[in-house]
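Reviewing the structure listed below.
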């Protein structure tokens, strides 16, 4: 364990989207229960660690058990980068390949007795339908699922809804709510890499590209947008509104929103990260090491004002925040995939905290952990955590790194605070024989943590 800098408050009780799509190959899913690692290999791993047993000793000699193997092909999914969601004890997720025409799928995993059963809810057709969902899902009170695809529609991605089957039926109904690049020069956005946020029945999200066409952006597409989709009364028509278009000609603006979903505070402001842009960086196109931004609603909540609340410098403070943010006890936490450590040319990433301004001061960033602080990066390296870190009821924070660890295939880590000192523990190090490179964030499931890896250990 490594002790680090001043951390979060005590609780009362207690370079641009460089994602390679892998085609073909089966995936195995593993589960970890009662201190036993249950695993998956071949393209993705889903693993769960009971929180009450999350100690170094509890995971010294894990035992693996494969509970499901994705088959790929036209009837099953393959290759998942998405965070899972738990709804009433059922896990839902997406794969960016497999299914009809290898365009990806939406699936669920149900525990029936002691056996996990996978059901493919929908496979994407490509073309006017969506293709290649990269992000996870969100759900509403009626059980409908919402998500994004980075392709399909007009060729630049979609927002879709899956409605549960009516009583006595088994087929989910898909509807494309919006096709991006429906406006001239993709001013409405293009390629939604991130998942959605739902608030009061309205969907909020970002596109990695599209928006304004200005120097230092990408030809014909732009540097990304923040958008919302508003339904009519019966949800038969959804209207897209662009809330903000990222523009490097604006002073210190971020560009290319990260694959992390937006979050909101009690006042309705939206927060997110961009993987590039900001007020410092190499002389590249695009420039900069990334930002954290805030969109504040104006009095009518129809217009938003953007503020860059932190711009990464690429040094010890971190660089390239591919992950989204989480809010805990009024403070914001996230990761950067690079920067931090002096080891290597750019470092191996950080976990950071942002404290809101007090008495007119600016936001304060605190790096609470710098990766590759131990020999051979045994503590992990390069945290992506696309959907953001995970926090439990005690205030402990969990995340993943895509590399480093004792097996060099990535880690699952935990950060806790005792007497104002952060303590980092590596809960598990992935080995090449088990599945490696966990890009997706962790999610909770019945007091456990679940996650995926993108690389296979077998076959």
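The values are calculated or read from the model by the stated rules, or taken from the named source; none is laboratory data. Note that the structure is a prediction, hence the values are computed from the model and not measured. With ideal geometry, Cβ positions are generated from the backbone for all residues, glycine too; neighbour counts draw on all protein chains shown.
Residues are listed down the side, and each one gets a yes or a no for (1) on the phi > 0 side of the Ramachandran plot; (2) touching a helix residue (DSSP H, G or I) at 6+ places or on another chain (Cβ under 6 Å); (3) assigned to a loop (DSSP other than H, G, I, E, B); (4) modelled with pLDDT under 90:
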| position | (1), (2), (3), (4) |
| --- | --- |
| 55 | no, no, yes, yes |
| 64 | no, no, yes, yes |
| 68 | no, no, no, yes |
| 81 | no, no, yes, yes |
| 94 | no, no, no, no |
| 119 | no, no, no, no |
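The set of residues from region 72-95 being buried (at least 24 other Cβ atoms within 10 Å of the Cβ) and more than 18 Å from residue 450 (Cβ to Cβ) comprises just one member, 78. Restricting region 141-170 to residues that are part of a strand (DSSP E or B) and closer than 17 Å to residue 108 by Cβ leaves a set whose member that is nearest to the chain's Cα centre (by Cα) is 147.
The one condition from (1) under 21 Å from residue 290 (Cβ atoms); (2) part of a strand (DSSP E or B) that residue 388 does not meet is (2). Across region 429-441, the number of residues qualifying as crowded, with 24+ Cβ neighbours inside 10 Å and either modelled with pLDDT of 80 or more or within 19 Å of residue 386 (Cα to Cα) (or both) comes to 6.
Only one residue in 343, 458 is farther than 22 Å from residue 320 by Cα and either in a loop (DSSP other than H, G, I, E, B) or modelled with pLDDT under 80 (or both), so which one is that? It would help to see each step written out before you state the result.
Numbers: 343 fails: farther than 22 Å from residue 320 by Cα.
That would be 458, the only listed residue that is farther than 22 Å from residue 320 by Cα and either in a loop (DSSP other than H, G, I, E, B) or modelled with pLDDT under 80 (or both).
If I filter region 355-375 for residues that are buried (at least 21 other Cβ atoms within 10 Å of the Cβ), assigned to a loop (DSSP other than H, G, I, E, B) and modelled with pLDDT under 95, do I get at least one hit? The answer is yes, given that some residue of region 355-375 is buried (at least 21 other Cβ atoms within 10 Å of the Cβ), assigned to a loop (DSSP other than H, G, I, E, B) and modelled with pLDDT under 95.
Looking across region 298-315, just one residue is over 23 Å from the mean Cα position of the chain (by Cα), surrounded by 14 or more Cβ atoms within 10 Å (Cβ to Cβ) and under 19 Å from residue 363 (Cα atoms), and that is 315.
Rundown of residues vs (1) surrounded by fewer than 24 Cβ atoms within 10 Å (Cβ to Cβ); (2) at pLDDT below 95, yes/no style:
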residue	(1), (2)
138	yes, no
141	yes, yes
146	yes, no
149	no, no
152	no, no
159	no, no
163	yes, no
170	yes, yes
175	yes, no
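Here 391, 426 are screened, and the one residue that is surrounded by 21 or more Cβ atoms within 10 Å (Cβ to Cβ) and touching a strand residue (DSSP E or B) at 6+ places or on another chain (Cβ under 7 Å) is 426. The residues of region 317-338 that are surrounded by 22 or more Cβ atoms within 10 Å (Cβ to Cβ) and over 18 Å from residue 380 (Cβ atoms), listed by number, are 324, 325, 332.
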